[in-house]
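Data first, discussion second: the structure below is written as structure tokens.
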Amino acid sequence: MKNTALTHIHEALGAKMVPFTGYNMPVQYKGVNSEHLAVRNSVGVFDVSHMGEFHLKGEHALALIQKITSNDASKLFDGKIQYSCFPNYDGGIVDDLLVYRLASDEYMLVVNASNMQKDWDWISKHNDLGVQMTDLSDAMSLLAVQGPNTAKALQSLTKIDLAGMKYYTFEKGNFAGFNDIIVSATGYTGSGGFEIYMPNEAAESIWNAVFKAGAEYDIQPCGLAARDTLRLEMGFCLYGNDINDTTSPIEAGLGWITKFTKDFVNAENLKQQKEQGVHKKLVGFELTQRGIPRHDYTILDKESNPIGVVTSGTMSPSLGKGIGMGYVTTENSKVDTEIFIQIRKKAVPAKVVRLPFFKG
């Protein structure tokens, strides 16, 4: 089990620690609901140092990224970030990722912890262009500082104009006394905030500085459980739950990151899917009676026929109702369609809704 540079701090704070993708990670501190609401209402901090960071450099770096990702990375400029995915040859997804353009010949790819080795192997396999690849994952720490008060809470630590940063952009600069820190206007919570990339040796100092600066905003440490409920309220896909090696980006509602203006792995098949339609679609749903939908629960139609499966589900801390996402047959995917979730022996009524669940 690997530790992050901050594991000892989480343990000292009394976090409940769990094994997660090979790391010893905090799942919660005070409790999921209070951590979730801290992010929705003010500011919370997640240690997400388990994520993978790959550095690609060379004159053909963009060409490699264009070949293996679904989105059009030629649209990026220095300081711009793009959400994308690696399609596989079978119609599924190797992983979803963020692409950071550091310079015209230099990029950082941020990938899921669970897929680090798989992703590295996939990129390496397609790197016949001599692109220099470096795995920075073990040397870097990453904090996600999230919530509506984040810019105000952190501004004293940097000259970077945090409030002026546009969503999905980043700047490199001095932060909390350390140079060359990447401050990124991203995060997977839907409540705004920043992700801060730093060398491991700076992590403890920056963590302490962040909590000191954010004290007046009642800044809270948050665990993986709240990260999951926050992303689900936004309808953001989680790899391994909502997308995987067998789900296509078209089925998953990720057509917006699948650009057929360029050629990429399996583009022809995915284009055919987009034009001809798919048999199943990922939808969001809300329960109309009490209950909590969970991963792998069966989804039924009005005649009790199985039509799909829940991929993510929870009791929404913001909305106070059961919400979830799941794949259903296309004819049952329209908004307001009545469906049922098989929870133990009871078929609990639900309806398909437009994402996100949480409107802010």
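The values are calculated or read from the model by the stated rules, or taken from the named source; none is laboratory data. The shown structure was predicted, so the numbers you read here are calculated from the model rather than taken from an experiment. Here the Cβ is made from the backbone with ideal geometry for all residues, glycine too, and neighbour counts use every protein chain on show.
Within the stretch 321-337, the set of residues being part of a strand (DSSP E or B) and touching a residue at least 40 places away in the same chain (Cβ under 8 Å) comprises I323, G324, M325, G326, Y327, V328, T329. Within the stretch 1-23, the presence of at least one residue that is among the polar types (S, T, N, Q), surrounded by fewer than 20 Cβ atoms within 10 Å (Cβ to Cβ) and closer than 22 Å to I206 by Cα is confirmed. Considering only residues in the stretch 157-184 that are among the small types (G, A, S) and under 27 Å from T7 (Cβ atoms), the one that is surrounded by the most Cβ atoms within 10 Å (Cβ to Cβ) turns out to be S184. There is no residue in the stretch 60-68 that is under 16 Å from A225 (Cα atoms) and either acidic (D, E) or in the same structural domain as M133 (by TED's automatic domain parsing) (or both). The set of residues in the stretch 191-205 being buried (at least 21 other Cβ atoms within 10 Å of the Cβ) and in a helix (DSSP H, G or I) consists of A202, A203.
Only one residue in K334, K281, K302 is of a type in the set (K, R), touching a strand residue (DSSP E or B) at 6+ places or on another chain (Cβ under 9 Å) and buried (at least 16 other Cβ atoms within 10 Å of the Cβ), so which one is that? Result of the check over K334, K281, K302: K281. Checked against (1) over 23 Å from H36 (Cα atoms); (2) part of a helix (DSSP H, G or I); (3) polar (S, T, N, Q), N208 passes all but condition (1). Of the residues making up the stretch 228-245, not a single one is touching a helix residue (DSSP H, G or I) at 6+ places or on another chain (Cβ under 8 Å), closer than 30 Å to N179 by Cα and outside any strand (DSSP E or B). Among the residues making up the stretch 292-320, those that are within 19 Å of A226 (Cα to Cα), assigned to a strand (DSSP E or B) and not hydrophobic (A, V, I, L, M, F, W, C) are T311, S312, G313, T314. The test for being of a type in the set (V, I, T), at negative phi and outside the structural domain of L64 (by TED's automatic domain parsing) holds for V310. Just one of (1) over 24 Å from G255 (Cα atoms); (2) part of a loop (DSSP other than H, G, I, E, B) fails for G91. It is (1).
Of S104, S74, S49, all but one fail to be surrounded by 20 or more Cβ atoms within 10 Å (Cβ to Cβ) and either modelled with pLDDT under 95 or of a type outside the set (F, W, Y) (or both); the exception is S49.
For the stretch 267-291, give me each residue that is part of a loop (DSSP other than H, G, I, E, B) and either touching an Asp or Glu at 6+ places or on another chain (Cβ under 7 Å) or among the hydroxyl-bearing types (S, T, Y) (or both). Across the stretch 267-291, the qualifying residues are V278, T288. Note on the stretch 35-64: residues that are within 21 Å of the chain's Cα centre (by Cα) and either over 30 Å from E106 (Cβ atoms) or assigned to a loop (DSSP other than H, G, I, E, B) (or both) total 14.
For the residues G255, G240, G320, G291, the requirement of being on the phi > 0 side of the Ramachandran plot, assigned by TED's automatic domain parsing to the domain that holds N112 and modelled with pLDDT of 95 or more singles out G240. Looking at T258, T189, just one residue is of a type outside the set (F, W, Y) and under 26 Å from H50 (Cβ atoms), and that residue is T189.
Looking at the stretch 203-221, which of its residues are under 24 Å from the mean Cα position of the chain (by Cα) and either among the charged types (D, E, K, R) or under 18 Å from H50 (Cβ atoms) (or both)? Passing the criteria: A203, E204, I206, W207, P221. Set side by side, the residues F260, F264 differ, and just one is surrounded by fewer than 19 Cβ atoms within 10 Å (Cβ to Cβ), among the hydrophobic types (A, V, I, L, M, F, W, C) and part of a loop (DSSP other than H, G, I, E, B), which is F260. Mind checking whether some residue in the stretch 341-353 is in contact with a Gly (Cβ under 7 Å, 6 or more places away or on another chain), of a type in the set (V, I, T) and in a helix (DSSP H, G or I)? Scanning the stretch 341-353 turns up no residue that is in contact with a Gly (Cβ under 7 Å, 6 or more places away or on another chain), of a type in the set (V, I, T) and in a helix (DSSP H, G or I).
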